[in-house]
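The next block holds one structure in the form of structure tokens; read it before the comments.
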Amino acid sequence: MKLTEKHQEYWRRNLSLTAGLLAIWFVTTFVVSWFARELNEITLIGPLGFYMGAQGSLIIYVLIIWFYARHMNRLDKEYGVQEGEDD
Amino acid sequence: MSSYGQTLFNANLRRYYSFYTGGFIAFVVFVGILEMFGVPNKILGYIFLFATILLYAGIGFMSKTADVSEYYVAGRRVPAVFNGMATGSDWMSAASFIGMAGTLYLNGYDGLAFIMGWTGGYVLVALLLAPYLRKFGQFTIPDFLGARYGGHAPRLIGVFAAVLVSFVYVVAQIYGVGLIASRFTGLEFAVGVFVGLAGILVCSFLGGMKAVTWTQVAQYIILIVAYMIPVVWLSLLHTGTPIPQITAYTTVLPKVTALEQEFNDKASPKGAAEESVRAIFRERAAAADDRLMGLDTGGAAFLAAEKKKLDDKATELKMSATYEPKAIEAADKLVRDFPTDPAKAREQWSKDKAGASARAANVKAHAEAFAGKDETARDIAKRNFLALVFCLMVGTAALPHILMRFYTTPSVREARRSVFWSLFFIFLLYFTAPALAILVKFEIYGNLVGSSFAALPAWVSNWAAVDKTLMSIADINRDGIVQLAEIVIGGDLIVLATPEIAGLPYVISGLVAAGGLAAALSTADGLLLTIANALSHDVYYKIIDPNAPTTRRLVVSKALLLVVAVIAAYVTSLKPGDILFLVGAAFSLAGSAFFPALVLGVFWKRANQLGAILGMTLGLGVCMYYMYQTYPFFGINAAPWWDINPIAAGIFGIPAGLFGVIFGTLISPAPGQEVQDLVDHVRYPNLKDDLTTKTA
């Protein structure tokens, strides 16, 4: 089995999407928590550092996964690697 | 299956579960009516316990199967939304349902490590594993390791790690089942364990993954309804708005913060009252400290002298003209409980000192991150918080019973959607828990504190009567008014007592207990099945007897299920140490053992057998070694590395595993063409002229 140039490109796009979303995940989780004390000085919906840990980061995680699923399912079709008719 | 068949199946599922939800609500209303007619609470508890277990057993019975694919992966036809609900209840254990809000109540910000860790891990599942495992499409996680890296060794190490991790975790679940069953029905703990176990077994025994899946969907519906009703009601009560997830932060948290400041301000009336209690605890801590120092210098002689003082005091009271039975009883109790030898005395007095010092301390601000007395202490708290979040996340993306669920969807596309639905359904509970903690805190700080000991709310005395570790309250400074420093609350109380705190009828308490039971049972189901499948499929079928006929494979699997369940229940009935530690340990262990080998198996074609073997053993080894060295249970108490707590041992184990895979791979030849083809196979949802791994 030989992968075509198109297949390679599909995988590269998948990798860059994955890397980008992981970067958002990393910042949301570790960078924001690192500065939790400082962020608590700001009040948006409650102290910001606390709010991000309790709710904000969770919302971002849900959105990351939603975006990934939607984007990849479209990418499959664009590159002709989608599965059969089952849905 | 044809797409028409699957569409019809999906439509039927939606109809069944709509009926089911309606039926369940009708059932709760019916029990509520029974309560109005004066049926005693204990009977209501029994009704909830047995009705729900019968229900799960019924679903298990209806889903019985003799088909291998249905038994192991529910026939791979579970639609994304339903797999999401099943994963949700598979995931949310007794610790999530009962314990988490309590942890947040007690620890404030620092408890959020669990909230973030146990949700953010799904990002890793979605991006790095779920779609690829689904495309691979076998039955277990060791299956993937075996096929990707070749030979029996990676598979066997995988089986060992899967069994270890799942067993540690399942013991904690069965413990939760026993606890809830005994508290709400008055059954004995051990009896409660076996009643719950019966419910688990009927379900998984008859129908394997198929039965477990449909039961878990039913359990999710119960647990989410049970969690939401009391919180929404509490929010409505305090803020007039039924959306606790917003009002807790905008309206209630500022009030809690204001109360915290008042308690810590000695000039305010409430602060002065708190201070008078704290002064007493400071004296007690000092007294315990004096005794400890006396023990250091005087030894056994000092102990005898102290005991004599108490004896004299008791005698004096008995001889005195004014007869005070209560004081005499208290003095006698002190004599009775006096430690018998210096070692016991040291242990008890150290505990007294620590307990009194803790209660003499100021109130910690709920929203304050990484609280500590100085910069160093805050730094250590921050480091441990981040390390724990990391371990919980990576561990989430490596727990076999969760990853296995993504084998059950009809396609890669559905697997990706399914992770979204999983996290969405988990999110509903997780983003409510911190709000619940704040609302309960306000209730206690605002209403219970400052009320009179003569008129305590009913729930306080009820729970204090049930279990002193959950609720203990005493008028330390004898002013007749409740101060915060006079209350000790156990974390597990928060969720279970919320209905009573909110003034809801007992039927809602029963519902919450049923929700906790559903959470524990559903997780136990998934875990037991994982263990039994790893042993029957990976060890028996793949290694011992690859020619075994289908019927024998299923018989072996079911027999193992029974054996594992009984062993797990037996271990649970011994009530082993710290349950919370066990759960936390499972995440570090799973992350260290599986995560590097699984992820690099997909993303790095070069990764090979030696790398996998080295990575998994090194990761698991480092993680276990660190826990063994530092966790007090093992009695070694070596100095921790960089002040990291043993629960976050994965922070060392996971990089060690990663290093092991890379190092082992680079010192040995690249894997052959068929492995490269397998990697391409899992990377693309559909390739022309591709090899096939779909076998029944």
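The values are calculated or read from the model by the stated rules, or taken from the named source; none is laboratory data. Please read all numbers here as calculations on a predicted model, not as lab measurements. Counting neighbours? That spans all protein chains shown, and the Cβs are built from the backbone with ideal geometry, glycine included.
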Exclusive hit being more than 7 Å from chain B (Cβ to nearest Cβ) and within 25 Å of B:Leu429 (Cβ to Cβ), set A:Leu44, A:Leu17: A:Leu44
Note on B:Thr409: of the conditions (1) β-branched (Val, Ile, Thr); (2) at pLDDT below 80; (3) not assigned by TED's automatic domain parsing to the domain that holds B:Thr315, unmet is (2)
How about the range B:261-281: which of its residues are in contact with a Leu (Cβ under 9 Å, 6 or more places away or on another chain) and either within 26 Å of A:Ile45 (Cα to Cα) or at the interface with another protein chain (Cβ under 10 Å from one of its Cβ atoms) (or both)? B:Phe263
Right, A:Leu39: touching a Pro at 6+ places or on another chain (Cβ under 8 Å) and more than 7 Å from chain B (Cβ to nearest Cβ) or not? yes
I need a count of the residues in the range B:100-109 that are touching a Ser or Thr at 6+ places or on another chain (Cβ under 9 Å) and surrounded by fewer than 24 Cβ atoms within 10 Å (Cβ to Cβ). 0
In the range B:364-375, anything touching a helix residue (DSSP H, G or I) at 6+ places or on another chain (Cβ under 9 Å) and surrounded by fewer than 17 Cβ atoms within 10 Å (Cβ to Cβ) is listed as B:Lys364, B:Ala371, B:Gly372
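Listed here are the residues, each with its yes/no results for (1) touching a residue at least 40 places away in the same chain (Cβ under 8 Å); (2) more than 23 Å from B:Ser422 (Cβ to Cβ); (3) touching a Phe, Trp or Tyr at 6+ places or on another chain (Cβ under 6 Å).
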{"site": "A:Thr43", "(1), (2), (3)": "no, yes, no"}
{"site": "A:Gly56", "(1), (2), (3)": "no, no, no"}
{"site": "A:Val62", "(1), (2), (3)": "no, no, yes"}
{"site": "A:Arg70", "(1), (2), (3)": "no, no, no"}
{"site": "A:Asn73", "(1), (2), (3)": "no, no, no"}
{"site": "A:Lys77", "(1), (2), (3)": "no, yes, no"}
Pull out all pairs, ordered by first then second residue, where Cβ-Cβ is under 7 Å, the residues are six or more apart or on different chains, the first lies in the range B:539-551 and is in the same structural domain as B:Val163 (by TED's automatic domain parsing) and surrounded by 13 or more Cβ atoms within 10 Å (Cβ to Cβ), and the second is part of a helix (DSSP H, G or I) and among the polar types (S, T, N, Q). none
When residues of the range B:412-436 are filtered for being of a type outside the set (Ser, Thr, Tyr) and at the interface with chain A (Cβ under 7 Å from one of its Cβ atoms), how many remain? 11
Output the residues belonging to the range B:661-690 that are of a type in the set (A, V, I, L, M, F, W, C), surrounded by 20 or more Cβ atoms within 10 Å (Cβ to Cβ) and modelled with pLDDT of 85 or more. B:Val661
Within the range B:177-197, is there a residue that is polar (S, T, N, Q) and farther than 23 Å from B:Ser422 by Cβ? yes
Taking first residues from the range B:40-58 that are in contact (Cβ under 8 Å) with a residue 40 or more places away in the chain and closer than 18 Å to B:Glu188 by Cβ and second residues anywhere that are crowded, with 22+ Cβ neighbours inside 10 Å and aromatic (Phe, Trp, Tyr), the pairs with Cβ under 7 Å that are 6 or more apart or on different chains are B:Gly45/B:Phe184; B:Leu49/B:Phe184
Given (1) closer than 16 Å to B:Leu206 by Cα; (2) in contact (Cβ under 8 Å) with a residue 60 or more places away in the chain, identify the lone condition not met by B:Val563. (2)
Looking at the structure I just gave you, is B:Phe427 in contact (Cβ under 8 Å) with a residue 12 or more places away in the chain, surrounded by fewer than 24 Cβ atoms within 10 Å (Cβ to Cβ), in contact with a Leu (Cβ under 9 Å, 6 or more places away or on another chain) and within 18 Å of B:Trp118 (Cα to Cα)? yes
Checking B:Tyr122 against (1) within 14 Å of chain A (Cβ to nearest Cβ); (2) more than 25 Å from the chain's Cα centre (by Cα); (3) of a type outside the set (Gly, Ala, Ser): exactly one of these is not met. Which one? (2)
Out of the residues in the range A:1-59 meeting the condition of being of a type in the set (Phe, Trp, Tyr) and more than 12 Å from the chain's Cα centre (by Cα), tell me which one is farthest from B:Glu375 (Cα to Cα). A:Tyr10
When A:Val81 is run through (1) at the interface with chain B (Cβ under 7 Å from one of its Cβ atoms); (2) among the aliphatic types (A, V, I, L, M); (3) out of contact with any His (no Cβ under 9 Å at 6 or more places or on another chain), the failure sits at (3)
Is it true that B:Gly584 is within 30 Å of B:Gly111 (Cα to Cα), assigned by TED's automatic domain parsing to the domain that holds B:Gln673, in contact with a Pro (Cβ under 9 Å, 6 or more places away or on another chain) and at pLDDT 90 or above? no
Return a yes/no flag: does the range B:465-488 have any residue that is under 30 Å from B:Ser557 (Cα atoms), touching a residue at least 24 places away in the same chain (Cβ under 8 Å) and part of a helix (DSSP H, G or I). no
Within the range B:616-669, residues being without any contact (Cβ under 8 Å) to a residue 40 or more places away in the chain and among the small types (Gly, Ala, Ser) number 4
Do the conditions hold for B:Ser461, that is, is it outside any helix (DSSP H, G or I), without any contact (Cβ under 8 Å) to a residue 40 or more places away in the chain and of a type in the set (Gly, Ala, Ser)? no
Filter the range B:475-507 down to the residues that are of a type in the set (Ser, Thr, Tyr) and more than 15 Å from B:Val232 (Cα to Cα) and list them by number. B:Tyr506
Here the qualifying pairs (Cβ atoms under 9 Å; residues six or more apart or on different chains; first in the range B:117-129 and aromatic (Phe, Trp, Tyr); second buried (at least 24 other Cβ atoms within 10 Å of the Cβ) and outside any helix (DSSP H, G or I)) come out as B:Trp118/B:Met92; B:Tyr122/B:Ala397
Kindly provide the set of residues from the range B:1-29 that are of a type in the set (Phe, Trp, Tyr) and within 27 Å of B:Val191 (Cα to Cα), ordered by number. B:Phe24, B:Phe27
